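This report refers to the structure that appears directly beneath it.
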Amino acid sequence: MTFDIEKIPFSMRGSYMAVSRFRENYEGWGNKGGVYLRSIHGLGYIPLLGKSTIPPFVAGLVPLCDGEETDFEIRAEASRLQLITDRGEVALCFADTDTLLVCGQGQRTGLRIELAEGNYVVPACAGGENHLLLNCGKNSRRFLLRRQRGRIVTEQEGAFDRYILLEAEQDEEFLVGIEDIVEEWDISDRKYSYDESLQSRKEEFTRFLEKMPPAPAEYEQTRQMSAYVDWSCLVKKQGILTREAMLMAKNWMCNVWSWDHCFNAMALAYFAPDMAWDQFMVMFDQQRESGRMPDCISDVYAVWNFCKPPIHGWALSRMMQVMELSRQQCEEAYDHLSRWTGWWLVYRDGDGDGICEYHHGNDAGWDNSTAFRESPVLELPDLATFLVLQMDVLEDLAKRLGRKKEAEEWRKKSDRMLNGMLTHCFDGTRPRAVISASHREVPCGSLILYLPVLLGDKLPKDIRTEMLRELKSDRFLTVYGYATEAVKSPLYEADGYWRGPIWAPSTMLLVDGLNRCGEKELAGEVARRFCDLVRGNGCAENFDALTGEGLRDKAYTWTASVFLILAYEELYKRQAAGSEEVNRINF
């Protein structure tokens, strides 16, 4: 398996370093086009501004021949990255999570490390020609360069050294380690083995891949790519991150968001339950006493002015179908989900009508959905649906824990929420978005209104029938899957974020809902379309609903995880059970 580092960064499980290729003037940062070493510590992203909060670059990596820049080809695989010239190559491989090895081989082969503006080098210790300290002011990081073979030469520009040259000596090879350091550094005579490191990374990724759900043979390459995206986006616990955490990406969405993590946990639940539990709980580790969850976290900060929808009960119910929870895990889940549900009931029912509201599209996870175009404070049927399902899970957990009275209370609350949703968020059989307090309807063509299919036979038959009729029509369903805005809506935008493109989470939720409504054939067909979409266009953050083009971040973990789930649940299992291939029916 090889991949394009312009779309998928080269990294490894646990590391906060990544190598990517960027086009000239990426996001207006004034860089030249090329390959760059990056640090993703605290590399936040502001969707409303559409750019990274800090420059992503540590240094450019420029292959040399006879001291001059030269053309090169890039070959990336899970264990190494090769920059191949006519005379030799510069190969990169991780020795461990904090150390990137740079190995040059070939006649007169070299590498120029071009430091990003504001970064500079100093000797790591007096007379230590084998060590250089790279200080990255804008990234708030330091890196120790440790020479094992070859030469390190610095070139000054102004007051600071801005270039580092790595060159082969007589043996036509150089080997340098770049170590990500937090506090002090070790300047002992540490030795690297590039070959041993390469073999270790191959074995490590293979072990991870073996724990990913299987897929039909025609999707095997996509399965491996998806597994690499998830594996490489894991970072070790550090700072605010109290557990190993799977970031949403190592491009620029370098955070964990409070609903994205659920999809990653579900993908791991089948054959890596311990990892799955960490992914599910990593956000709950930050939960406030009130029950509030952060919108997102990185290793250095948490965002509290938004939140994400309470899909956690639904996600846990799916995880519990494939992994066994210990009593301690049941108690943890019950405590956290109780407080999370209670927070919505106390703090997000401003008009006191028993139906909770979002305060912004970001809270719904559908940031700029057309449902929010007239007011940010909405009562939507998807929120009530999630809370009903979460209360159902709390009822189940309470029973497991022997808390019969509490189980009965959750049952009553679930029934009240369901009845309230049917009264407030439906006009007959038609789902609707209403502004809290006034209950004035906001007309929209957003797919978010159809997520109540997750309730299956809890929905009245006439409502369920009407919603399924819409989901079978071409209003939302394209040859690639479900558009997030009706394709004929005047507000539809091909690259409009939640105003048109196909997303993994909405697809996953609807496939599950269709199955719960007995529409297994349609669920399998939608799953196949999504899996084909990822096979043809990668693990993009979202996709053009009419062309299938991958949009925005091109290596997003919840896309990879949803592919792994759907390819296994809806395609592989059907084949394994002897079912015929999913019918390619145009609904």
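The values are calculated or read from the model by the stated rules, or taken from the named source; none is laboratory data. These numbers were taken from a predicted model, which means no experiment stands behind them. Quick reminder, even Gly has a Cβ in these numbers, built from the backbone with ideal geometry, and neighbours come from all protein chains shown.
So in segment 110-130, with the set limited to residues that are among the hydrophobic types (A, V, I, L, M, F, W, C) and over 25 Å from S232 (Cβ atoms), which one is modelled with the lowest pLDDT?
Once the filter is applied, the top-ranked residue is A126.
Out of segment 542-573, which residues are assigned to a loop (DSSP other than H, G, I, E, B) and of a type outside the set (A, V, I, L, M)?
Scanning segment 542-573 gives D544, T547, G548, E549, R552, D553, K554, Y556.
Does A249 qualify as being at pLDDT 95 or above, touching a helix residue (DSSP H, G or I) at 6+ places or on another chain (Cβ under 8 Å), part of a loop (DSSP other than H, G, I, E, B) and not assigned by TED's automatic domain parsing to the domain that holds V176?
yes
With the requirement that a residue be out of contact with any helix residue (DSSP H, G or I) (no Cβ under 8 Å at 6 or more places or on another chain) and either surrounded by 20 or more Cβ atoms within 10 Å (Cβ to Cβ) or in contact (Cβ under 8 Å) with a residue 60 or more places away in the chain (or both), what does segment 329-342 give you?
E331
Quick one: A407 ticks every box in (1) small (G, A, S); (2) touching a helix residue (DSSP H, G or I) at 6+ places or on another chain (Cβ under 9 Å); (3) in contact (Cβ under 8 Å) with a residue 40 or more places away in the chain bar one, so which box is it?
For A407, the exception is condition (3).
If I ask for residues that are surrounded by fewer than 24 Cβ atoms within 10 Å (Cβ to Cβ) and either in a helix (DSSP H, G or I) or of a type in the set (S, T, N, Q) (or both), which ones from segment 527-541 would you list?
R528, R529, D532, R535, G536, N537
Which of the residues that make up segment 128-140 are in contact (Cβ under 8 Å) with a residue 60 or more places away in the chain and either under 14 Å from D186 (Cβ atoms) or crowded, with 21+ Cβ neighbours inside 10 Å (or both)?
L134, C136, N139
Name the residue that is nearest to S226 (Cα to Cα), counting only residues in segment 90-109 that are part of a strand (DSSP E or B) and modelled with pLDDT under 95.
Q105
For segment 182-197, check the following and say yes or no: at least one residue is at pLDDT 90 or above and of a type in the set (A, V, I, L, M).
Checked segment 182-197: no residue is at pLDDT 90 or above and of a type in the set (A, V, I, L, M).
Filter segment 344-358 down to the residues that are crowded, with 20+ Cβ neighbours inside 10 Å and not basic (K, R) and list them by number.
W344, I355, C356, E357, Y358
Looking for something crowded, with 21+ Cβ neighbours inside 10 Å, modelled with pLDDT under 95 and of a type outside the set (A, V, I, L, M, F, W, C) - is there at least one such residue anywhere in segment 56-67?
Yes, there is a match, as at least one residue in segment 56-67 is crowded, with 21+ Cβ neighbours inside 10 Å, modelled with pLDDT under 95 and of a type outside the set (A, V, I, L, M, F, W, C).
A quick yes/no check of all residues on (1) under 26 Å from the mean Cα position of the chain (by Cα); (2) assigned to a helix (DSSP H, G or I):
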residue	(1), (2)
P443	no, no
Y450	yes, yes
G456	no, yes
R464	no, yes
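What tally of residues in segment 542-569 results from selecting those that are at positive phi and not basic (K, R)?
Counting residues in segment 542-569 that are at positive phi and not basic (K, R) gives 1.
Could you please find all residues in segment 79-88 being more than 26 Å from L234 (Cβ to Cβ) and either part of a loop (DSSP other than H, G, I, E, B) or modelled with pLDDT under 95 (or both)?
T85, D86, R87, G88
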